[in-house]
């Protein structure tokens with residue numbers, strides 16, 4: 001079982017079928033920062049690129065966004081995000097949790113626009129940082145994949 005006090009370094013993921021946003025975070029300053037976007041083909045990530053990032057950052061915990069509907073129900077994408085989280089855990093043997101990601105894409109687009117950027121298809125790493133920050137702010141809300 002995960003001991004939240006032992007977590008120091010984290011990676012956060014915003015799962016998508018075409019691209020996956022990645023953020024890094026740590027508990028010393030309790031902050032998350034957008035890191036990268038990797039490509040995916042029908043939800044299957046570039047495992048080599050993902051492995052390089054995981055080996056470089058060596059997270060104690062991985063947090064994957066869970067795309068829920070506004071009525072708390074799950075969609076097909078929710079199930080695919082859960083599967084992605086389970087595969088991350090299986091491949092890299094790192095504790096993995098899910099975190100509600102509702103409205104993070106909207107927040108990420110607003111933040112991107114605020115900084116004068118217009119390429120709104122490149123916000124997944126920002127959404128990943130928002131997901132990870134939500135876990136840092138309320139770790140008790142994390143759930144098993």
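The values are calculated or read from the model by the stated rules, or taken from the named source; none is laboratory data. This structure is a prediction, so every number in the text was calculated from the model and none was measured. Cβ: placed from backbone, ideal geometry, glycine included. Neighbour counts: every protein chain shown.
Give segment 56-93 a look and list any residue that's assigned to a strand (DSSP E or B) and either in contact (Cβ under 8 Å) with a residue 60 or more places away in the chain or under 21 Å from residue 33 (Cα atoms) (or both), or say none. Result: 61, 62, 63, 64, 65, 66. For segment 49-69, indicate whether the set of residues that are surrounded by fewer than 18 Cβ atoms within 10 Å (Cβ to Cβ), in contact with a helix residue (DSSP H, G or I) (Cβ under 9 Å, 6 or more places away or on another chain) and at pLDDT below 90 is non-empty. Yes: segment 49-69 contains one or more residues that are surrounded by fewer than 18 Cβ atoms within 10 Å (Cβ to Cβ), in contact with a helix residue (DSSP H, G or I) (Cβ under 9 Å, 6 or more places away or on another chain) and at pLDDT below 90. Candidates 89, 125: the one that is in contact with a strand residue (DSSP E or B) (Cβ under 8 Å, 6 or more places away or on another chain) and at pLDDT below 90 is 125. Per the conditions (1) over 13 Å from residue 129 (Cβ atoms); (2) part of a strand (DSSP E or B); (3) at pLDDT 95 or above, the sole criterion not satisfied by residue 13 is (1).
Comparison of 24, 96 shows that the only residue that is in contact with a helix residue (DSSP H, G or I) (Cβ under 8 Å, 6 or more places away or on another chain), modelled with pLDDT of 95 or more, closer than 18 Å to residue 145 by Cβ and not in a loop (DSSP other than H, G, I, E, B) is 96.
Of the residues examined, residue 72 is one that is loosely packed, with under 13 Cβ neighbours inside 10 Å and over 11 Å from the mean Cα position of the chain (by Cα). The set of residues in segment 19-43 being exposed (fewer than 13 other Cβ atoms within 10 Å of the Cβ) and out of contact with any strand residue (DSSP E or B) (no Cβ under 7 Å at 6 or more places or on another chain) consists of 28, 29, 30, 41, 42.
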